[in-house]
1. What average number of partner chain Cβ atoms lie no more than 10 Å from the Cβ of the residues making up B:228-235?
2. Along region B:242-255, what does the Karplus equation 6.51 cos²θ - 1.76 cosθ + 1.60 (θ = phi - 60°) give for ³J(HN,Hα), rounded to whole Hz, x for Gly and Pro?
3. What whole-number value in Å² describes the accessible area per residue of the protein assembly as shown for a 1.4 Å probe?
4. First obtain the Kirkwood hydrodynamic radius of region B:1-105 from its Cα pairs, then insert it into the Stokes-Einstein equation at 37 °C and 0.692 mPa s, and state the resulting D in µm² per second as a whole number.
5. Might you report the magnitude of the Cβ-based charge dipole of chain B about its Cα centre, with Lys and Arg at +1 and Asp and Glu at -1, to the nearest 20 debye?
6. List, largest first, the extents of the alpha carbons of chain A along their principal axes, each in whole Å.
7. Hey, what do the phi angles of region B:136-151 turn into as Karplus ³J(HN,Hα) couplings, whole Hz, using 6.51/-1.76/1.60 and θ = phi - 60°, x for Gly and Pro?
8. Around B:Gly182, which amide H atoms from residues at least 5 apart in sequence, or from another chain, sit under 5 Å from its own amide H, with H modelled in the peptide plane?
Amino acid sequence: MKKVVIADDSIAVARQLEKILVGSGEFEVVAQARNGLEAIKLYQQHHPDLVCMDMNMPGMDGITALRSLVALDKNAKVVMVTSLGGVGDKFTEALRLGAKGVISKPFEAEELLQLLRSV
Amino acid sequence: MAVKFFGQFLLEKGVVSREAIIKAVELQESVNLKFGETALELKLLTEKDIKKIHDAQRSEDLMLGDMAVKLGILTKDQISQILEHQQKSHLRIGEALVRVGALTAEELPGYLKEFSADQAKYATSRIVIPAEVPNAAVWEICADLTAKMFIRVVGVQCRLGDCMLVDKIPGNALIAGIDLAGGVSARYHLAVSDSLREKIAKGVLMEEDVAGESEAVLDDTVLEFVNIVCGNVAAKAAQQGQDVEILPPLSQRPGPEGLPVPSGSVAVFFPLHLPDSERAELTLVVRR
């Protein structure tokens, strides 16, 4: 089972993501971060297979955290889960910084699972 | 399914790779000239003019073109000429993907057609915004996508009432707000009743029953709903060449007196009609 860290300032989104991931039986959520800085700390602590990261978070945002995570571990698998995925500049910036995928909200559970399986 | 950009659509369909998109964007960046570069190419500005404009921009927050007009270096007609040239010579992502060999020129029209069909559900309906409100096209997208996301995320039909200007933001409800920045300056406010908040929570959490949820979680689902709406507004605005940045959402519960409209701003109000006599209210406070 793949270990996942969720980074999202919204409790509701973290709950929704956890339900989808755990419900699939393929992923285990090992920790949840509320901003980018917490995500980096939890990544170093848990060494997850995947990180599901929001872009728009107070404090350190998801793009800054993505840049730091990839600098720490060039093999880090980060998927951006964001309402801003449809903004071309944000989408391509995330890919260029090393995100393995970007999914736009709202999404269907199966769309997210397919993306996570593919990275 | 959300508002997407063409490269994302092709990547999700497996037509192009992540690497091809990065290569195409790098090509766009090397080919597409910025406003100042275009003006230099058209010989409407000199390097000396640009330096003078940049110096003036240090003391006043104006775009390069606006500052050039203010300083009397360019006329409004010349600005239009530069923008038109920029638009005509702009290399779009689809053409860039053809140039880097990720698509053939023959395949491109077919995929563009599929993309338009895929995004048709987010085509903006015609909404009339009073002429005195700046950036009306962005507020049309805001109102339209708020109604469409009630259908998509919450699963309830939503009809927009007529737009009007108001002198305060109605209270007595949970208000979720998001600041919109970049090329616009405004705050999006969505006011919802507690019964509508429950419906939003069911949609966002994908749960049949939310009776046991805490106030914090229920409020948070409304914040997430406005985050989804405004993120998709930014995506739709970007398709139309308008830069809209969004900040993290905030909630408040004003009393019956509502919230004041700051001076120098105009408040654009839309009633939202939902089933079971539910009603939500959208107010966009736009800086003039």
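1. 6
2. Once rounded to whole Hz, the list reads 10, 8, 10, 9, 10, 9, x, x, 9, 10, 8, 10, x, x.
3. Computed with neighbouring chains in place, this is 46 Å² per residue.
4. Translational D for this selection: 207 µm²/s.
5. 800
6. So the extents along the principal axes, rounded to whole Å, are 31, 31, 26.
7. After applying 6.51 cos²θ - 1.76 cosθ + 1.60, I find 3, 4, 5, 6, 4, 5, 4, 5, 5, 6, 4, 5, 5, 6, 4, 6 Hz.
8. For B:Gly182, the qualifying residues are B:Glu245.
The values are calculated or read from the model by the stated rules, or taken from the named source; none is laboratory data. Since the model is a prediction, treat every value here as computed from it, not as a measurement. Cβ: placed from backbone, ideal geometry, glycine included. Neighbour counts: every protein chain shown. The accessibility values were calculated without ligands, DNA or RNA, using every heavy atom of the protein model including side chains. Shrake-Rupley method; radii C 1.70, N 1.55, O 1.52, S 1.80 Å.
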